[in-house]
Amino acid sequence: MSDITGVRLKVVAVGGAEKDLVVRKPEFVVGRSRKADVRLFDSAVSRRHLRIAEREGDYVLEDLGSKNGTYLNGRRIRTRRLRDGDEFYIGHTCLRLSLLHGDEGRGEEAPGAEALEGPLEAATAGPGPGAAFIRVLRGPGRGMTRPIDENFYSISDPGGEMMVISRRATGYWLLRLGGATVPVINDRLLDAGGAQLHDGDIVEFGGYRLRVLIPSEQAAENDQAG
């Protein structure tokens, strides 16, 4: 018989803000709704995004038909039995799961849906950033310039792992979708919370070397210089 008594979720928002939650319910919903057991203030998360439920001594994750999907260890999934240390992304938020045994984590239980209010609230105000592009300097499609024309623009490396450029009101953000390959931005490994992209940034991932082009930022710099 399993001695698993709950889960700990480390929630990492874009920008790096973190919060630990301990949940001991046999079943709970994660989403943007006020009625969600774990509420995320993230505009790219569905109102009822996913459910985590205890099944025969294990915990199982089920995507509830979310618009933007659930990515576990770099791959989009619908249903999956969870293992200690699993890392999954929904919207612009990363969640890392640890299984609790016995009295581990007792007294740290999440107080409710408002637990994620404050620094983890997703920024949604404002008209949004201008157009952006990526130029392929190395890898498949070398020499091509591609528009970032989706709010959730994914790039897969030759090994099948994935990174994402997320278009938000605050600008463009580079996110890692789990897996073993960590993107490098301007010769530095990408932090767990992602990084905001700027005109001229160089991103390396798998066999790719990419340059980020955000013309509106370049125009603003020219205006200031004049």
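Coordinate-derived values only; no laboratory data. Here the structure is a predicted model, which means the values were calculated and not measured. Virtual Cβ from ideal backbone geometry, glycine too; neighbours counted across all protein chains shown.
Would you grab the residues whose amide H sits under 5 Å from the one on G200? Only those 5+ places off in sequence or on another chain, please, with H modelled 1.01 Å from N.
Under 5 Å from the amide H of G200: V212, L213, I214.
If r is the Cβ-Cβ distance from R75 to L137 and R0 is 30 Å, what FRET efficiency results, to the nearest 0.05?
With R0 = 30 Å, the Cβ-Cβ based efficiency is 0.65.
If we restrict to alpha carbons, what Rg and Dmax does region 32-86 come to, in Å?
Taking only Cα atoms of region 32-86, I get Rg and Dmax of 11.5, 34 Å.
So which GluC sites (Glu not before Pro) in region 45-88 end up in coil per DSSP with only 10 or fewer other C-beta atoms within 10 Å?
Filter output for region 45-88: E56.
Using label points projected 7 Å from each Cα along Cα→Cβ, tell me how many nm separate R146 and N186, to one decimal.
According to this spin-label approximation, the distance is 2.4 nm.
What does a probe at I4 reach in region 76-100, counting residues whose amide N is under 12 Å from the point 7 Å along Cα→Cβ?
Within reach of a label on I4, which here means backbone N under 12 Å from a point 7 Å along Cα→Cβ, region 76-100 contributes 80-86, 97-100.
Starting from 0 in steps of 10 Å, tell me what percent of the Cα-Cα pairs of region 1-61 lands in each bin.
22, 49, 25, 5, 0
What would the Debye formula give as log10 I(q)/I(0) at q = 0.24 Å⁻¹ for the alpha-carbon point model of region 132-215, no solvent?
Here log10 of I(q) over I(0) equals -1.32.
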